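Student: This is the structure I have questions about; it appears just below.
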Amino acid sequence: MALGDVVAIYRLTAGGLVMMDSYKQIPIVEQREQGLAAGSLNLSELIDWVIGIARRRYAIIAAAFVAVVGLGFVILFTSPAYYTSHARLLIDTGFARAAQTQGQQILGDYQIDSAQVDTQIELLKSDKIALSVVKDMKLAEKPEFTGTQKGFVRTLLGMIAEPIFSGSAGTKEVASEQQLTDMALGRVLSQRAVSRVGRTYVLDIAYTSLDPAQAGAVANGIADAYILDMLDSKFQATRRASKWLQDRIAELRQQALTADQKVLAFKEEKKIVEMGGANSRLLGDQQVADISTQLGQARAAMAEASARLERIQQVMKQDIPDAAVADSLHSGIITQLRTQYLDYDRKYQLWSSRYGPDHLAAINIKTQMNYLRDSMRNELGRIGESYKSDLAIAGARVEALQASLTTLISSAQSTNRERLGLQELETSAKVYHSIYDNFLQRFMEMSQQLSFPVTEARVISPAGDGGKTSPKSGRIMTYAGLLGLMLGLGLAMFKEAMDRVFRTADQVESILGTNCLAVVPVIKSSGPAKIRSQSPNKPAKLGAGTQQMLASNMDSTLRHVVDEPLLPFAEAFRSVKVAVDISRAIKENKVIGITSSVPNEGKSTASANLAELIANSGNRVLLIDGDLRNPTLSRQMLKSAEVGILEVLGRKVDLRQAVHTDEQTGLDFLPVVIQSHLAHSSDILASEAFRSFIEGLRTMYDYIIIDLSPMMPVVDVRATTKFVDTYVYVVEWGRTKINVVQRQFNSAPEVVERLLGVLLNKANFKVMDRYTGDYGGDYYKSYYSRYGARPN
């Protein structure tokens, strides 16, 4: 291992750890991307996201909160006080029934359902009730109801608008009485509210006014007007119904009498006789019904006898009737014979098994068994003959009854034809009597109601002086605070959505899909750099005595890592160097290109500091200004250069004459000197001569760092892929748009393939702490300082 490598590894402190941490974070970022793609954002991540927005946009949230709360205070102190009073009204049918004679019912007295309660609510809200209140209470004469009494805000707006919209101050038109009444009516309708109390029949009448006493008076006035309107409507409806009923009753009385006379005349003419009783029926119908009942019973008896006969015939076909057959026949003799037969059968089986079937005892038992079998057959035959006789008797009875029924039906058919006319006359007479009785009862009720009118509604809780309902200080300020917070969060989220720039390393890795090598803090120039003489242990470059030294008055930001080696700025570039060294273990990685998307992202400063850091650790490093269109690095490091890389490529000068060396770190710098803008800079970089030139430098230096042009304005970077081993992409923190970087990555895949990672530059750690909490707080003020470094 070379001495320079040993020194480089020895000088790695927290920077190496930062780089290793960024490599360890790659799987975590991939898991987070997979979780977001799958929609598995948990509650803790959501809370962290909201808290992060609040930390980053607290100024917007606070401004919106203060503005809305201030508006709430203005509304609270300028709005007039309103008072609301409530009156309770009960829709009670029981009260109306109690006012009538026991057993009578008022017209329209029935159980009230929800739809009818809603109807009464709409009646209370009607213009008719409100107009009655306006007239009875003379509200058109009061300023509150005619618009002449206004609050502070309305008065102020009126004073401003009156000179603008009115022709002259002296031509104010006086409202007519009808206009005042309409204005009062509109005021009453807008300030009253009627609602149902739960699922009850109680209605709540609320009215809001500037005067608490006036609020109670109007609420009571609405209830009284409603009750009077109900009484008046009932009286008018009852009077009209009573007159109509009186005329109708006389007509119905005559119609019922005529119908009864027609029924009697028809019975006498057709000689129809009815049997007495509650259910009057004709004589012929009664006889037919009796015979039909007897016929049904006879047919049932015949069917039963037939079933018994069929059953006994089936049993007689068996050799030995089983137990179920004996039980079904209810024959004690058969049951006894079968029991004896089974007993002899067991004995026969016993004797025949012992002595054989030819034994005398077995033969005797067999003879007894045959005798018992014959006895059972004879008994079954006797029972069968009995069943056959029962069947014949039942059949004869059915035939007799059927003949009688046929005769009665034939004689009753003529009577039934005449009865159709009788039923029609009787039905008509019943209808006339029913209508007459109903109308007569209603007429009696109407007569009573005219003398004592009642209504189902009554006031159960009159309204008193109203209580203050608005403005409610607590509610207004609570709503103002919540609205302010929601508005602030909404504006903050909108600002967050519009902030399409890179803010964190995780954001770089998740969006671009590459490593974030380091986050570099922003620094300010402190004047010319302090270049000390070369250290004795630095290797000589290009031969001693021939080197040209860098100017001592170059910008201090270009070698900040050397002047302030213990700051986080230097630690970030150590992270980049560690990443370069790790990649060199996989492939050759000597030529490093530094580029960005747009100018002024700090790529030249990053190139210079990375080169100074590597050179200061003892390595042979050449820094080349490869921005042939706009050589910013050459102007900052060596304003007086007369020859550079173009002259070396053109063989006008030797490399030693064009290279300038940093006396302190031993860094070699090859500038670009142009007299006018080059139109074909990409052709120069893509030429075989330039590639051969870089290949020759590989043998002379350990690291070759090229400060390339930005990718968006020109295509020079894409022309360097022939000789550049790896690229470092510089992105300015909080300024470079995400879509700009993505577009450059998509347009240059050959550069992305060799990309080592992204350097997030010019980061404001205090602001960045609101996004991650890893850079502006305890990290550099506590942990980092333990290793001898001091924070910015």
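Only the coordinates and a few stated rules stand behind these numbers; no lab work does. This one's a predicted model, so the numbers in the text were calculated from it and none came from an experiment. Positions of Cβ are generated from backbone atoms using ideal geometry, with glycine treated the same way; all protein chains shown enter the neighbour counts.
Student: In nm, to one decimal, how far is the modelled label at Arg651 from the one at Glu750, with both set 7 Å along Cα→Cβ?
Tutor: 2.7
Student: To the nearest 0.05, what FRET efficiency results for Lys495 and Arg196 with a Förster distance of 56 Å applied to their C-beta separation?
Tutor: 0.70
Student: Then there is this: Within 10 Å, Cβ to Cβ, of Val197, how many net charges do the neighbouring residues add up to if Lys/Arg are +1 and Asp/Glu are -1?
Tutor: Once all neighbours under 10 Å are counted, the net charge is +2.
Student: Mind listing the long-range amide H neighbours of Val520? Cut-off is under 5 Å, sequence gap 5 or more, other chains count too, H placed in the peptide plane at 1.01 Å from N.
Tutor: Leu760, Asn761, Lys762, Ala763
Student: Would you mind counting up the charge near Leu76? Only other residues with Cβ under 14 Å from its Cβ, with Lys and Arg at +1 and Asp and Glu at -1.
Tutor: Values: positive: Lys468, Lys472, Arg475; negative: none.
Result for the neighbourhood of Leu76: +3.
Student: Okay, next question. How about the range 624-675: which trypsin sites (Lys or Arg not before Pro) there are in a DSSP loop, with at most 13 other Cβ atoms within 10 Å of their Cβ? Walk me through the intermediate numbers first.
Tutor: Values: sites: Arg629, Arg635, Lys639, Arg651, Lys652, Arg656; in loops: Arg629, Lys639, Arg651, Lys652.
Passing sites in the range 624-675 are Lys639, Arg651, Lys652.
Student: How much length is gained if the chain between Asp182 and Gln287 is pulled fully straight, taking 0.36 nm per residue apart and subtracting their Cα-Cα distance, in nm to one decimal?
Tutor: The Asp182-Gln287 span can extend by a further 29.6 nm.
Student: Calculate the FRET efficiency for Ala400 and Gln340 from the Cβ-Cβ distance with a Förster distance of 51 Å, rounded to the nearest 0.05.
Tutor: On the way: r = 45 Å, r/R0 = 0.88.
Efficiency, from the Cβ-Cβ distance: 0.70.
Student: What are the ³J(HN,Hα) values, in whole Hz, obtained from phi via the Karplus relation 6.51 cos²θ - 1.76 cosθ + 1.60 with θ = phi - 60°, for each residue of the range 576-592 in sequence order, with x given for Gly and Pro?
Tutor: 5, 5, 4, 4, 5, 5, 5, 5, 5, 6, 9, 8, 5, 9, 8, 8, 10
Student: Hey, can you rank 216-222, 254-260 by average C-beta count inside 10 Å, highest first?
Tutor: Ranked from most to least packed, the peptides come out as 216-222, 254-260.
Student: Further question: Long-range amide H contacts for Leu755: which residues qualify at under 5 Å (H placed 1.01 Å from N, peptide plane, sequence gap of 5 or more or a different chain)?
Tutor: Tyr727
Student: Give, as ranges by residue number, the residues of the range 664-691 whose backbone N falls under 15 Å from the point 7 Å along Cα→Cβ of Val715.
Tutor: 679-687
Student: If you count, for each residue, the other Cβ atoms within 10 Å and average over each peptide, how do 736-749, 127-140 line up from highest to lowest?
Tutor: Top to bottom by mean Cβ count within 10 Å: 127-140, 736-749.
Student: What are the ³J(HN,Hα) couplings of the range 605-619, residue after residue, when phi is run through the Karplus curve with 6.51, -1.76, 1.60 and θ = phi - 60°? Round to Hz, x for glycine and proline.
Tutor: Calculated HN-Hα couplings, in order: 4, 5, 4, 5, 5, 5, 5, 5, 5, 5, 5, 5, 8, x, 8 Hz.
Student: Next question, about the same structure. Order the peptides 79-85, 235-241, 352-358 from the highest to the lowest mean number of other Cβ atoms within 10 Å of their residues.
Tutor: 79-85, 235-241, 352-358
Student: What does the net charge come to around Lys587 if you take all other residues with beta carbon closer than 15 Å to its beta carbon, with K and R at +1 and D and E at -1?
Tutor: Taking every other residue near Lys587 into account, the sum is 0.
Student: Report ³J(HN,Hα) in whole Hz for each residue of the range 197-207, in order, from the Karplus equation J = 6.51 cos²θ - 1.76 cosθ + 1.60 where θ = phi - 60°; Gly and Pro get x.
Tutor: Along the range 197-207, the couplings run 8, x, 9, 8, 9, 9, 10, 9, 10, 10, 9 Hz.
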